[in-house]
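See below for the structure under consideration.
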Amino acid sequence: MRKVLKIGICGLLAVMLLAGCSKSNEEAGPVDSTTVAESTDNTAGTTGQDTVKLGEYMGVSFTPVSAEVTEDQVEAELQELVDANPVTIEVDRAAKEGDVVNIDFVGMKDGVAFEGGTSQGYDLTLGSGSFIDGFEDGLVGTKKGQEVSLNLTFPEDYFQTDLAGQEVVFDVTVNAVSESKPAVLDDDFVAKNTEFTSVEECREGIRKALAETAKANALNQKKNEVFMKVMDASEVFPSDETIQKYYDEQMAAYEQQAESFGMELKDLVNDLEAFQTELRNVSIEVARQNLVINAIAEKENITIEDSDREAMAVEFGFGSGEEMLQAVGQEAVDGYLLPNKVMDFLADNAVEG
């Protein structure tokens, strides 16, 4: 849990910073950390120290975005809720595509059950494409109580390398066959599938949630627009060392993620060399944006307070800020908080244009 959360927070930082990319980042190529010549393209590293010349960042103009919620949006959400919760009725007939079959199954390779290939009481919608080719098709026409053996082959590019391209047998028992019918939107449906007790109460709850989301999206778009204008107005030259630091941190995070799946990174990405090049480009932009953030924070005396960490601890479900710091580390926590505070500051001082 702690390892995943630490990667998650670092990832959130990268996603937030890269929500919009300046034109200069789109044109940036891979950086050779050992032989980078001094550059004037405002992206590539230099062999010296980090340099930042801030452009205008107070009173930056932005285009406001409407946060209005329409009745059509509310009704669409209600319909999506109905569509996502159909009524299933058990039937006494052969299964057909679109039916839900409740099954027990055991997958075997060379007569031995393999990891992840066994389940009981599993509800599978035929035609959903949830299982490998041939599994669902092999259950079309089966009836309750029937046992079948499916001789199948895993795809060559299957993520579990020990099963990729391998021939296996699934022994399946059909416990029940059910058909799905559209649910009726009434108070009973709402009470069964939501936290609300009536259709009108649910409708109002959806309207409120949509309004909050629209308001948050409008604010985020404002922050991104303002920040990217500040980036474009600034002259930023991260050093090779800084770029390499961000590259190594992100690479380590991706390698840990691959390891959590029992894989190597080269097995997780389609083209490792292309992935490394793209990660290098991302590292350049993250380095540039962090240099601007740190420069504004220093100039405006924006700092991280204990109250900020406590609020973040609540957001991420920790008992206290101290508990979060012990689990995640102060560098990751403050690295998430400072960009947020700086972007809030820039947005607060922006003007409609």
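The values are calculated or read from the model by the stated rules, or taken from the named source; none is laboratory data. Quick caveat: nothing in here was measured; it's all calculated off a predicted structure. Positions of Cβ are generated from backbone atoms using ideal geometry, with glycine treated the same way; all protein chains shown enter the neighbour counts. When the accessible area is computed, the model is the full protein with side chains, heavy atoms only, and any ligands, DNA or RNA have been set aside. Shrake-Rupley method; radii C 1.70, N 1.55, O 1.52, S 1.80 Å.
Quick notes
- Portion, in percent, of the accessible area of the stretch 99-240 that falls on carbon or sulfur, probe 1.4 Å: 47
- Per-residue ellipticity at 222 nm, computed for the chain from helices alone with -39500 (n - 2.57) per DSSP H run of at least four residues, works out to -15500 deg cm²/dmol.
- Annotation: peptides 291-297, 157-163, ranked by per-residue average of other Cβ atoms within 10 Å with the highest first, follow the order 291-297, 157-163.
- Averaging 1/r over each pair of different alpha-carbon atoms in the stretch 58-141 and inverting the result gives 17.3 Å, the Kirkwood hydrodynamic radius.
- Its relative contact order, with pairs defined as Cα atoms under 8 Å and 6+ residues apart, puts the stretch 139-262 at 14 percent.
- Within the chain: Cβ-based charge dipole about Cα centre, in debye rounded to nearest 20 (Lys, Arg +1; Asp, Glu -1): 320
- Based on Cα contacts under 8 Å between residues 6+ apart, the chain shows a relative contact order of 28 percent.
- Virtual spin-label span in nm between Asp171 and Lys192, 7 Å along Cα→Cβ: 3.6
- Surface per residue (accessible, 1.4 Å probe) for the stretch 107-202, Å²: 60
- Cut-off under 5 Å, modelled amide H: who pairs with Thr118 long-range: Gly107
- Under a model in which nothing but the beta-carbon of Lys, Arg (+1) and Asp, Glu (-1) is charged, the stretch 173-290 shows a dipole of about 520 debye around its Cα centre.
- Whether the stretch 253-343 is rounded, prolate or oblate, judged on the alpha carbon gyration tensor where a/c under 1.5 counts as rounded: oblate
- Relative counts (whole %) of C-alpha pair distances in the stretch 122-247, using bins that are 5 Å wide: 2, 8, 9, 9, 8, 7, 8, 9, 12, 12, 8, 6, 3, 1, 0
- Options (i) 22.2; (ii) 20.7; (iii) 25.0 - which one matches Kirkwood radius over Cα pairs in Å as calculated here: (iii)
- Unsatisfied cross-links (Cα-Cα over 25 Å) in the set Lys144/Lys181; Lys229/Lys341; Lys208/Lys229; Lys215/Lys341; Lys96/Lys192; Lys215/Lys299: Lys208/Lys229; Lys96/Lys192; Lys215/Lys299
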